[in-house]
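**Q** Let me give you the structure first, and then I'll get to my questions.
The values are calculated or read from the model by the stated rules, or taken from the named source; none is laboratory data. All values derive from a computational prediction rather than experimental measurement. Positions of Cβ are backbone-derived with ideal geometry, glycine not excepted, and every protein chain shown enters the neighbour counts. The area values use the complete protein model at the heavy-atom level, side chains included, leaving out ligands, DNA and RNA. Shrake-Rupley method; radii C 1.70, N 1.55, O 1.52, S 1.80 Å.
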Amino acid sequence: MKRTELVMGMPVTVELAADGGEAEAVVTAVFDWFVEVDRTFSTYKAYSVISRMNAGTLRRRLPAAVRTVLAAGVAMSEATGGYFEMRRPDGQLDPSGYVKGWAIDEAAGILERRGFRDYCIEAGGDLQTGGHNAEGKPWRVGIRNPLQPGEVVKLLHVSNAAVATSGTYERGEHIYDPKTGRAATDIASVTVVGPRITWVDVAATAAFAMGGEGAEWLARQNGLEAYVIGHDGQATFTPGLSQYL
Amino acid sequence: MKRILIAIVVLAGVGGLIALLSFHPKAKPVAAARTKSQVVAQASASPTAAASASPASGMYKDGSYTGSAVGGIYGTVQVQAVISGGKISTINFLRMPSGGNSTQVTVMAQPQLLQEAVQAQTAQVDTVSGATQTSEGFEQSLSSALNQAQA
């Protein structure tokens, strides 16, 4: 079964290789989780914990989930040499770059704890897969062409792996190099494949902010493979990507 | 067919000396170069060399591989390549002409990258990975634009 809903300001799709009432119920639980994450972390909703922190009006102890995410933000900043930050150039806290991947990863946990091991959870173009698709084969993930958004330019076969892409399309230049405060524009998109979406998503964001250095940085990260598309239509990729082709 | 090409560019005192090393894991020839101040190592390999199936492994098998001793203009050089996580992590100079100050090169900027032109695919997919599609910012922007339009 497969269900798509608009949550966290983006289309989120949960697909299970299984069907039936139990599958429907667990997918509903996953969407409930995403709604809860959005209520807590959205920078668009004035009542969210993050919005109230930014406004200086939060009058209660931080929820455990927020503390977890903020602590992870510090660790991710260190792991990327400062190329991944949870603060915008204007100083406002914006953990959304981490929250999406983390929310997907937790959602995968919800499915696995209930015995569903064959799934694909995709939120706004980033995804975590478990096991196989309904045909019993690895999940087939297309990489969207950043220069021609209706087009797929690479086909990956992933099982128990995550895929995330950072780029300039869809929303324009939305990733900033935290070190310069300028939009990162050297490359059109960075797609990263690895075991868990949390780190994969952060790595894609950081590599994109690095611009031309991003591909080399990714090549040095253990367990991560990358497909980087330049504005000239040339792709640069790690040799290990072949395991997913 | 695991073939590693290691190009070691050496900045020597009098002019630069460039040696191209052909290096095979099962002990094959290794050429060499003399170091004086700086050693920059680069590695590349043919695309077909990437055949491994385990997620963590890279282009090469982990281990230490020693090349044969090779005579150069300045003397005999023998190197050892250490492969870690499927990638070249270190090159040790087992023998090198006197006068060099570096006996170990940690291969930092050592990514091995391939290139291709992007090509449209027609195969069926389960899902697509692309940069974030967000509707909320769009909706907010639109609503603020509409508010202005009302004024």
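**Q** Count, please, the residues in the range A:28-41 that happen to be closer than 15 Å to residue A:102 by Cβ and in contact (Cβ under 8 Å) with a residue 40 or more places away in the chain.
**A** Matching residues across the range A:28-41 total 5.
**Q** Is it the case that residue A:60 is closer than 29 Å to residue A:144 by Cα, among the basic types (Lys, Arg) and at pLDDT below 95?
**A** no
**Q** Between A:17, A:25, which is under 27 Å from residue B:129 (Cα atoms), small (Gly, Ala, Ser) and free of Cβ contacts under 8 Å to residues at least 12 places away in the same chain?
**A** The unique qualifying residue is A:25.
**Q** Residue under question is residue A:135, and the condition is that it be surrounded by fewer than 19 Cβ atoms within 10 Å (Cβ to Cβ), within 14 Å of chain B (Cβ to nearest Cβ) and among the charged types (D, E, K, R); does it hold?
**A** So residue A:135 passes the test.
**Q** State all residues of the range A:122-140 that are under 14 Å from the mean Cα position of the chain (by Cα) and of a type in the set (A, V, I, L, M, F, W, C); if no residue qualifies, say none.
**A** A:123, A:127
**Q** I've got another one for you. Based on this model, can you work out whether residue A:69 counts as open to solvent by less than 20 Å² (accessible area, probe 1.4 Å), away from chain B (no Cβ under 14 Å), β-branched (Val, Ile, Thr) and more than 16 Å from the chain's Cα centre (by Cα)?
**A** Details: open to solvent by less than 20 Å² (accessible area, probe 1.4 Å): yes; away from chain B (no Cβ under 14 Å): yes; β-branched (Val, Ile, Thr): yes; more than 16 Å from the chain's Cα centre (by Cα): no.
So residue A:69 fails the test.
**Q** May I ask you to verify whether residue A:102 is surrounded by 18 or more Cβ atoms within 10 Å (Cβ to Cβ), on the phi < 0 side of the Ramachandran plot and either modelled with pLDDT under 95 or more than 7 Å from chain B (Cβ to nearest Cβ) (or both)?
**A** yes
**Q** Taking residue A:116 and the conditions (1) crowded, with 17+ Cβ neighbours inside 10 Å; (2) within 14 Å of another protein chain (Cβ to nearest Cβ); (3) more than 19 Å from the chain's Cα centre (by Cα); (4) not basic (Lys, Arg), which numbered condition does it fall short on, given that it satisfies the others?
**A** Unmet for residue A:116, out of (1) crowded, with 17+ Cβ neighbours inside 10 Å; (2) within 14 Å of another protein chain (Cβ to nearest Cβ); (3) more than 19 Å from the chain's Cα centre (by Cα); (4) not basic (Lys, Arg): (2).
**Q** Another question, then. Conditions: (1) open to solvent by 20 Å² or more (accessible area, probe 1.4 Å); (2) closer than 15 Å to residue A:204 by Cβ. Residue A:80 meets all but one. Number of the miss?
**A** The single condition residue A:80 does not satisfy is (1).
**Q** I need the full set of residues from the range A:220-234 which are surrounded by fewer than 24 Cβ atoms within 10 Å (Cβ to Cβ) and facing another protein chain (nearest Cβ under 7 Å), in order please.
**A** A:220, A:222, A:223, A:233, A:234
**Q** Test each condition in (1) on the phi < 0 side of the Ramachandran plot; (2) outside any strand (DSSP E or B); (3) open to solvent by 10 Å² or more (accessible area, probe 1.4 Å) for residue A:111 and report the one that comes out false.
**A** Every condition holds for residue A:111 apart from (3).
**Q** Anything in the range A:206-218 that is surrounded by 23 or more Cβ atoms within 10 Å (Cβ to Cβ) and either part of a loop (DSSP other than H, G, I, E, B) or facing chain B (nearest Cβ under 10 Å) (or both)? List them, or say none.
**A** Across the range A:206-218, the qualifying residues are A:208, A:215, A:218.
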